[in-house]
Every structure is written in C-alpha cells, then in structure tokens.
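What follows draws every value from the coordinates through simple rules; no lab data is involved. In this text the structure is predicted, and so the values were computed from the model without any measurement. Positions of Cβ are backbone-derived with ideal geometry, glycine not excepted, and every protein chain shown enters the neighbour counts.
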Amino acid sequence: MIRIGGILVGLGFAVVVLFSFVIGAYNFATEEKQGAAEYEFYKKPEKADFAHDGTLGTWDLAQLQRGYQVYKEVCAACHSLKFVAFRDLAALGYTEDEVKALAAEWQVPGIDPNTGEDILRPGSPTDNFPLVYPNNVAAAAANNNAIPPDLSLMAKARADGTNYIHSLLSGYGPIPGELKEKYPDFETPPGLYFNQYFPNLNIAMAPPIAIEDQVSYADGTKATVQQMSQDVAAFLTWTAEPKLVERKQSGLPVLGFLIFATILAYLSKQQIWAAVKPKKKG
C-alpha cells in the first residue's frame, strides 16, 4: 500500500511539472515580447586597433600616458581607481621624479601628526588613487541614485572590455529614426542618455567625452572624441591587467619549450625501443 501511494505521489508530481512546462512554453510562444528594441538595436562593441592586441602586441606608452590624462581630467570626477597605486605609473614610462609629481597632484586621506585629526594631504608614490566618494550613499546622492563604478578592473569586468569602453564612450547620440519608427513608444527617460553600446540602450552616465579638444594632450595629439575614448580605454586595460603584454610574451617561449620537449620525448622513445622487434602474428 505504501509503495502504491509513493507511485501515485510521484506521478502527481510529474504531472504538475509537465503541466507547468507546457503552460510556460505556451506563454513564451504567444505573449507579446517586451523590450524588443533593446535586443534589436543594441550594438556589440566595435573593434578598434590597439597596440597591445595580438600575440606580439606591446603597450603604446604614449597612448597610456594620454589615457591617464583623460582619466585624471575627465573620468576622475566620478570614478575611482582604488586598486592602483601611484608608483604603478612608472610602468607608463614616467621617471621617479615624474611619478612623485603626479602623485602630489592628488589629495589623499591622512592624519595630522600634531592633532591626530583626519586631513587631506598631497599623495605620495606609495598611496593608491583616492576614492571619489566616501561611500555608496554619497555616490548615489551625487549622481541621481546611480553609483559610478570603480574603474580599476572595468576592462576585465566587461566582455571585450577594451573595445566596450571605447565604443561606450564614443557611442552617445540621439535615438535613431529607424528605432523610433519601429518602436514609437521607446524613449529615453529624464536623467538617462541614449547609447547603443549599453545593453538596455539608456545609461545614467552623462556623456563624459562630448567635444573635441576637451583635453589638451601634452604630446600635441589631436584630441578627438574617438582618440580620447580609445586612449582612456587603453589606459583602463592596463590598470585591469598591467602584466598583459608580459604574459603574452612569455607564452611563446613556453610554447617553443613544449614543442621541443615533445620532439625530444618522441626521439627518446624511438631510441629506447629501437632494439625491440614486434612479434609476428600467427
């Protein structure tokens, strides 16, 4: 009797699961799709030409320095780099004295040695980049309830991160007529901005790079929107993975060693078993 009851319970459970599956499949096939504009008009990041791309790629130090300048003069107003230390900037080609001078341009939290009170002091090479906001509540209050993310690892946190950053920064614009014609109800709410490289097409961040010559490059490079977007994307790729080039360069010797070791092992096997004759069948 207990066995029969167990079988009936199992059958009842299977029927419920099957019924739920059928209903769910029917609703999925017949209900009107919501938010289709986001799927149809979202653009994947466009491929840009970066010096560090490819197996033999290397850092373009001039571009990384320009990217740092864009970050400092534009992005640092809202976004932190809390996992990067000022001394790390030496990898961009700056001298020790230049790193000290760059660090001193920032104000970092410190303690007054005489009173023990919290103060702000000029940064030193051993300091990390300071936080823009003391906490998420302050960040949200200053940015229409949107919390600006830390950019230290952004290039690793997004798929195709380098191209994503470059495309996003240069992808602001009006709603295309084709989208408006096909989806008349689609709109960008107040406080948001249209960007086809952002997954839901509307982003809370105002266009940070909006006009040419927003930054005056020290090396004389023309500061177009595309150029500034590409430079800061390269810089943020370096902050996310500063050993990227070294890691790729170490792969070739390792691959060569593995090929050599494989050939050596095969020749050794041939030498060891050369005197052993296979038995004839039959």
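Quick check: pseudo-label points 7 Å beyond the Cα along Cα→Cβ at Asp118 and Ile263, how many nm apart are they?
Distance between label points: 6.3 nm.
Check every DSSP H run in the chain and write down those whose alpha carbon atoms cover 15 angstrom or more along the long axis and whose mean Kyte-Doolittle hydropathy is 1.0 or greater. Display every interim value, and only then the final one.
Numbers: long enough: 2-30 (42 Å, 1.87); 61-73 (18 Å, -0.91); 225-240 (22 Å, 0.32); 244-272 (42 Å, 0.74).
The qualifying helices are 2-30.
By how many nm would the segment from Ala101 to Asn143 lengthen if fully extended, with 0.36 nm per residue of separation less the alpha-carbon distance?
Values: separation 42, 0.36 × 42 = 15.12 nm, distance 3.06 nm.
Length gained, Ala101 through Asn143: 12.1 nm.
As an exercise, use a Förster radius of 22 Å and the Cβ-Cβ distance of Leu131 and Ala218 to find the FRET efficiency, rounded to the nearest 0.05. Provide the component values of the computation, followed by the final result.
Details: r = 27 Å, r/R0 = 1.21.
Result of the calculation: an efficiency of 0.25.
Can you pick out the pairs among Lys44/Lys82; Lys44/Lys182; Lys43/Lys243 whose Cα atoms lie more than 26 Å from each other?
Beyond 26 Å: Lys44/Lys82; Lys43/Lys243.
Residues in the range 138-173 near a label at Lys47, defined as backbone nitrogen under 15 Å from the 7 Å Cα→Cβ point?
Only 160-164 pass the distance filter.
For a quick check, take a GNM of the chain with Cα springs below 10 Å and name the residue from Lys180, Lys269, Lys156 with the largest mean-square fluctuation.
Maximum among the listed residues: Lys269.
Calculate, for Gln249 and Ser20, the FRET efficiency according to 1/(1 + (r/R0)^6) with r their C-beta to C-beta distance and R0 51 Å; round to the nearest 0.05.
0.40
Exposure proxy check: Trp106, Trp238 ranked by fewest other beta carbons within 10 Å?
Going from least to most buried by this count: Trp106, Trp238.
Pull up all non-local amide H partners of Asn195: gap of 5 or more, or a different chain, and H-to-H distance under 5 Å with H placed in the peptide plane.
Here the answer is Asn202, Ile203, since their amide H atoms fall under 5 Å of that of Asn195.
Can you sort Leu89, Leu61 so the residue with the fewest Cβ neighbours within 10 Å comes first? Walk me through the numbers before you get to the answer.
Numbers: Leu89 20, Leu61 14.
Fewest-to-most Cβ neighbours within 10 Å comes out as Leu61, Leu89.
May I ask you to compute the full-extension gain from Asn200 to Lys82, defined as 0.36 nm times their residue separation minus their alpha-carbon distance, rounded to one decimal in nm? Show your work: numbers first, answer last.
Working: separation 118, 0.36 × 118 = 42.48 nm, distance 2.77 nm.
Taking 0.36 nm per residue and subtracting the Cα distance, the gain is 39.7 nm.
Dipole size in debye (nearest 20) for the range 99-164 around its Cα centre, Lys and Arg Cβ +1, Asp and Glu Cβ -1?
Dipole magnitude for the range 99-164 comes out near 240 debye.
Add -39500 (n - 2.57) for each DSSP H run of 4 or more in the chain, then divide by its residues: what number comes out at 222 nm, to the nearest 500 deg cm²/dmol?
Roughly -14500 deg cm²/dmol at 222 nm, from the helical runs in the chain.
Relative to the present Cα-Cα distance, how much length would full extension add between Thr55 and Ile272 at 0.36 nm per residue of separation?
74.3 nm
I need Val70, Val17, Val245, Val276 ordered by Cβ neighbour count within 10 Å, fewest first.
Details: Val70 27, Val17 10, Val245 16, Val276 7.
Fewest-to-most ranking of Val70, Val17, Val245, Val276: Val276, Val17, Val245, Val70.
Tell me which residues come under 5 Å, amide H to amide H, from Arg121 once H is placed; ignore anything under 5 positions away on its chain.
Val108, Gly110
Only Cα pairs within less than 10 Å get springs; with that Gaussian network setup on the chain, which residue of Ala233, Ala223, Ala142 has the largest fluctuation?
Ala142
Using the Cα atoms of the chain, I'd like the radius of gyration and the largest Cα-Cα distance, Dmax, both in angstrom.
Gyration radius and largest Cα-Cα distance of the chain: 28.8, 99 Å.
Straight distance only, please: which aspartates and glutamates reach the Cα of Lys248 with their own Cα at less than 13 Å, same-chain residues fewer than 8 apart left out?
Partners within reach: Asp53.
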